[in-house]
Amino acid sequence: MERIIAKEYLLDSYKFSTTASIVDLIQVASDIKIKLSNTIFHPQGGGQPNDIGSITQGPIIFDVKSAETDKTDNNVWHVGKFTSGSEFDRNTEVTVLIDEAKRRLHARLHSGGHLLDIAVQRLGYPLVPGKGYHFAEGSYVEYVGNIQDKDRAVLDINEECKKIINEAVDSVNAIILSYEEAQKAFTVPSYLAGESSIRYVKLTPQDNGCPCGGTHVKSVHDIGSVVVTKIQKKGKNLRVSYKVE
């Protein structure tokens, strides 16, 4: 459970500042990488871009241009450069800040992709969800399967997305379950086998929910609106492109 709690964005996507301790600091090529005791920075992954921001300590400022997962321990490296002062000493306390506007946008785009998937399921299309790309430019969700009348599907999915948002009354439910609890709640994907804990996200009480490690809005209404812009074949898959407004 400690590893999950150290990633504060899993518990609160709207937490934009925190304090932490310096655990490690290394130089890689022209960049510095910093590991913290806890973080609000979401690393790139799961179809989401990373957060940007800063780590500060008095006059010392470290600009974080990217965040990435350390595959050896699943913790987060904060990658960037010192722009003011010297360097941080290990085991000292720092202030951690992320770009609030970008975090809110990333959360809207990510939740928008999940909501799009709910709409597709409710409409009964014979599609199996695959990968998602939830960046500010070119967001999409890909599915295995096909839809013959793609122009009609754009209209229907947009209408269903609007309906889901208008009907939403509860907050988005994001909880952390033990592996055993998760097995009782839903079918755990094979790639999560053996995990000590799993974060489970439901945008609405009616949808099935799914395991997810990304940032999300607190209320479906925070998304604004989800607008499908195009549906096209991409190889064997069907790509549904969208934006949030």
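The values are calculated or read from the model by the stated rules, or taken from the named source; none is laboratory data. All values derive from a computational prediction rather than experimental measurement. Using ideal geometry, Cβ is built from the backbone for each residue, glycine included, and neighbour counts are taken over all protein chains shown.
Brief remarks on what is shown
- Test for Glu160: is it farther than 15 Å from Arg108 by Cα, at pLDDT below 95 and among the charged types (D, E, K, R): no
- A search for C-beta distances below 6 Å between a residue of the stretch 51-62 that is on the phi < 0 side of the Ramachandran plot and assigned by TED's automatic domain parsing to the domain that holds Lys7 and any residue that is at pLDDT below 95 and outside any strand (DSSP E or B), counting only pairs 6+ apart in sequence or on different chains, returns Pro59/Gly85; Ile60/Gly85.
- The residue of the stretch 119-131 that is farthest from Ile223 (Cα to Cα), among those that are surrounded by fewer than 21 Cβ atoms within 10 Å (Cβ to Cβ) and of a type outside the set (D, E, K, R), is Pro126.
- Checking every residue in the stretch 226-239 against the condition of being closer than 30 Å to Glu8 by Cβ and either in the same structural domain as His110 (by TED's automatic domain parsing) or surrounded by fewer than 18 Cβ atoms within 10 Å (Cβ to Cβ) (or both) gives at least one match.
- Against the list (1) more than 20 Å from His110 (Cβ to Cβ); (2) at pLDDT below 85, the condition Ile198 fails is (1).
- The lone criterion from (1) outside the structural domain of Cys212 (by TED's automatic domain parsing); (2) surrounded by 14 or more Cβ atoms within 10 Å (Cβ to Cβ); (3) of a type outside the set (Asp, Glu) left unmet by Asn91 is number (2).
- Residue that is touching a residue at least 60 places away in the same chain (Cβ under 8 Å), closer than 14 Å to Phe41 by Cβ and either of a type in the set (Ser, Thr, Tyr) or out of contact with any His (no Cβ under 6 Å at 6 or more places or on another chain) (or both), where the choices are Val76, Val141, Val120: Val76
- Which numbered condition Gly85 misses (of (1) surrounded by fewer than 13 Cβ atoms within 10 Å (Cβ to Cβ); (2) modelled with pLDDT under 95): (1)
- Of all residues in the stretch 40-75 being touching a strand residue (DSSP E or B) at 6+ places or on another chain (Cβ under 7 Å) and β-branched (Val, Ile, Thr), the one that is nearest to Thr215 (Cα to Cα): Ile40
- Any chance His78 is in contact with a strand residue (DSSP E or B) (Cβ under 6 Å, 6 or more places away or on another chain), outside any loop (DSSP other than H, G, I, E, B) and within 25 Å of Cys212 (Cβ to Cβ): yes
- Any chance Val188 is assigned by TED's automatic domain parsing to the domain that holds Lys218 and at pLDDT below 85: yes
- Among the candidates Ala168, Ala119, residue that is small (Gly, Ala, Ser), within 13 Å of Leu203 (Cβ to Cβ) and modelled with pLDDT under 95: Ala168
- Within the stretch 139-156, the set of residues being outside any strand (DSSP E or B), surrounded by fewer than 18 Cβ atoms within 10 Å (Cβ to Cβ) and either in contact with a strand residue (DSSP E or B) (Cβ under 7 Å, 6 or more places away or on another chain) or at pLDDT below 95 (or both) comprises Gly145, Asn146, Gln148, Lys150.
- When Ile61, Ile26, Ile55 are checked against the criterion of being assigned to a strand (DSSP E or B), touching a His at 6+ places or on another chain (Cβ under 8 Å) and modelled with pLDDT of 95 or more, Ile55 stands alone in meeting it.
- Among the residues of the stretch 1-27, those identified as touching a residue at least 12 places away in the same chain (Cβ under 8 Å) and among the β-branched types (Val, Ile, Thr) are Ile4, Ile5, Thr18, Thr19, Ile22, Val23.
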